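The values are calculated or read from the model by the stated rules, or taken from the named source; none is laboratory data. The structure presented is a predicted model; accordingly, all values stated were derived computationally and were not measured. As a convention, Cβ positions derive from the backbone with ideal geometry for all residues, glycine included, and neighbour counts pool all protein chains shown.
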Amino acid sequence: MRIAVVEDEKVVSERIEKALTDGFAERGIEANIFSFETSKAFIHTASRNTFDLVILDWHLPDGTGIALLNWMKTYLQIIPAVLMVTLRQEESDIIQALNAGADDFISKPFRPRELAARAYASTRRHSLRTPSVAQQQTLEFGRIKLNTNRETAYVDGEEVSLTRQEFRLAFLLLNQLGSPLSRSYLYEYVWGKSDPPGTRTLDVHIHRVRKKLSLTSEFGWNLVSVYGYGYRLQALEEITDEPSSDEPFGDKPSNDDEAT
């Protein structure tokens, strides 16, 4: 596993390197880590070498992590998984990072084991975004199969009836497995518009997708609401024993809330 750490603070960089070395070793993976203090230094090496994962700070001496993300999308043939490690915590910053191409984010100060777990999960999820996978008509997520051409879903080989919005929501949750997705981000992707205040349309669709695709602990899934933010879908086998602020998906919405 070739990993680039782009972080100008040496102490932080060393903590990240140790967390990744230990965390990937626990998973039987050798981490070959390269550290860079500036965008220029990373670009010089990345132009000639391939990385599986980039740990990226937002603020760098000669630019920003967002600008570096845009450079990778423009000039690299094989784009690595990207985990942003930053002091920023605002929803708008998180959405900007995700929209720019980051696979996940974590705020400073971070917990070493959580950082390693998120980094590992990012590399696994990122494989679903490669061009070869994106061109496939059928994607498999355990018992669930999604046909992206027909926008149809199957559970244990049986077709499940989903509306177009439900299919898009299911695809986004599964394709970004483990990532916390904000309400605004989900609305923009599924409905092509911003989150209307006071509506429960998203909550109703989450409930329907959860029920139709059996995204419950009984079948190895954990679909939770992230308090004050949005939703996260996790495979139970990937959940660590780290404390979480996530809340289990709540009660079934009433008929009055069944917006479409």
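Within the set of pairs 6+ apart or on separate chains, which have a first residue in the range 147-164 that is assigned by TED's automatic domain parsing to the domain that holds GLY220, a second that is of a type in the set (A, V, I, L, M, F, W, C) and in a loop (DSSP other than H, G, I, E, B), and C-beta atoms under 9 Å apart?
GLU151/LEU162; THR152/LEU162; ALA153/LEU162; ALA153/LEU213; VAL155/LEU213; VAL160/LEU213; LEU162/LEU213
With the requirement that a residue be in a loop (DSSP other than H, G, I, E, B) and modelled with pLDDT under 90, what does the range 31-49 give you?
Filtering the range 31-49 for residues in a loop (DSSP other than H, G, I, E, B) gives 31, 37-38, 47-49.
Hits for the range 31-49 are ALA31, SER47, ARG48, ASN49.
May I ask you to list the residues in the range 27-51 that are surrounded by 12 or more Cβ atoms within 10 Å (Cβ to Cβ) and charged (D, E, K, R)?
GLU37, LYS40, listed by residue number.
Of a type in the set (Gly, Ala, Ser) and touching a helix residue (DSSP H, G or I) at 6+ places or on another chain (Cβ under 9 Å): which single residue out of SER47, SER13 fits that description?
SER47
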